Amino acid sequence: MPKNAPHLSPGPSPRERPVLDDVDRALVDALVRDGRTPNVELARSVGIAESTCLARVRSLRERGIVTGVTADVDLARLGLPVQAMVTVRFSGHLRADVDAFGEEVTGLPGVLAAYNISGANDFLVHVATATPEALRDFVLDNLTGRPGVVHAETSLVFHATRGRAVLG
């Protein structure tokens, strides 16, 4: 490491894999398919009592395994038919720039997710816009001019299929 290089921490320590039995796995699988499934139906589908189901789901939440339930929306019907993945590369890896980018970009309208990744690029930003021109403007106005950003590459999303088997 160069003499004046800033020290970066190695990241979070490895976490122990949570212990999930077959019932927990079945509950997680059912919630991934439809997070709004009523408790009575969830219990029936897994083969446990309703009170047990309620306690198990509460435990999954308390252990941080189930962190929330979100709505899948049709972005095109919301007026955002153009989706893209934009890779972003930094000139260096100053922690302040990387952390600020992730925080600020996820708060911008149209950003569905931002991933800090390894490899040749540093971030993958999933964006939805109304038109190709709006996408171009978003990238130029919000990504390429940020401190430390030296490259952005945009790939259009033609079709997306959400995974349904998280636990395999």
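Each reported figure results from applying straightforward, stated rules to the coordinates on display, with no laboratory input. Since we're looking at a predicted model, the values are computed, not measured. Here Cβ is always computed from backbone atoms with ideal geometry, including for glycine, and neighbour counts include all displayed protein chains.
Between [x] 10, 39, 38, 12, 1; [y] 12, 33, 24, 16, 10, 4, 0; [z] 8, 27, 25, 25, 12, 2, 0, which matches P(r) over Cα pairs in 10 Å bins from 0, in percent calculated for the structure shown? Read-out taken from this structure: [z]. So what is the diffusion coefficient of segment 53-116 in µm² per second by Stokes-Einstein at 37 °C and 0.692 mPa s, using a Kirkwood Rh over Cα pairs? Taking Rh from Cα pairs, D becomes 216 µm²/s. Within the listed set 47, 145, 79, the Gaussian network model of the chain (springs between alpha-carbon atoms below 10 Å) gives the highest mean-square fluctuation for 47. The simple Förster model, with R0 at 30 Å and r as the Cβ-Cβ distance, assigns residue 156 and residue 116 a FRET efficiency of 0.85.
The percentage of C-alpha pairs in segment 22-62 whose separation is greater than 11 Å is 58%.
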